[in-house]
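Notes follow once the structure below has been shown.
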Amino acid sequence: MTRRPHGSHLPEERPESTAPLPPPELTEAECRRCGTYIAGLDGRYACGVCGWVNDHSEGHRRLPREDEDPDRPPKGRRRPKQLPGPPPEDPPEPPEGPPQGPPYPC
């Protein structure tokens with residue numbers, strides 16, 4: 001895997017561009033920490049074995065802006081609140097009668 005140039009070496013981004021971004025490309029590489037073969041999108045990787053993550057700036061393409069995000073909710077609408085998980089179950093009641101224990105003293 002070859003590194004891409006950073007900073008001033010990158011071409012200028014055009015913030016006024018409204019053209020839709022092409023779909024992400026599935027890319028593959030070896031983890032730089034543990035060597036596991038991993039897959040990512042557009043050169044952005046995260047290793048599920050050791051937790052290594054490369055910096056977002058190392059990707060092959062720019063990340064979409066907020067208004068280009070297809071999963072973004074429509075304007076004026078907020079994301080729904082997450083419902084709390086199921087209520088905790090009550091512990092089972094102990095059986096009635098003499099306390100349970102070993103049949104002989106320890």
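Values in this text are rule-based calculations from the coordinates and carry no lab data. If you're wondering where the values come from, they're calculated on a predicted model, not measured in any experiment. Here the Cβ is made from the backbone with ideal geometry for all residues, glycine too, and neighbour counts use every protein chain on show.
Converting phi to 3J(HN,Hα) with the Karplus coefficients 6.51, -1.76 and 1.60 and the offset θ = phi - 60°, the stretch 42-48 yields 6, x, 9, 10, 9, 8, x Hz in sequence order, with x at every glycine or proline.
In order along the stretch 20-36, the Karplus-derived 3J(HN,Hα) couplings, from 6.51 cos²θ - 1.76 cosθ + 1.60 at θ = phi - 60°, round to x, 6, x, x, x, 9, 6, 10, 10, 7, 9, 4, 6, 8, 10, x, 5 Hz, and Gly and Pro are given as x. Taking a cut-off of 14 Å, what percent of all Cα-Cα pairs in the stretch 35-98 are separated by more than that? Tail of the P(r) past 14 Å holds 77 percent of the pairs. Annotation: peptides 70-77, 36-43, ranked by per-residue average of other Cβ atoms within 10 Å with the highest first, follow the order 36-43, 70-77. Modelled spin labels at Ala29 and Val49, positioned 7 Å past Cα toward Cβ, are 1.6 nm from each other. Model label sites at Arg61 and Lys75, defined 7 Å from Cα along the beta-carbon direction, differ in position by 2.5 nm.
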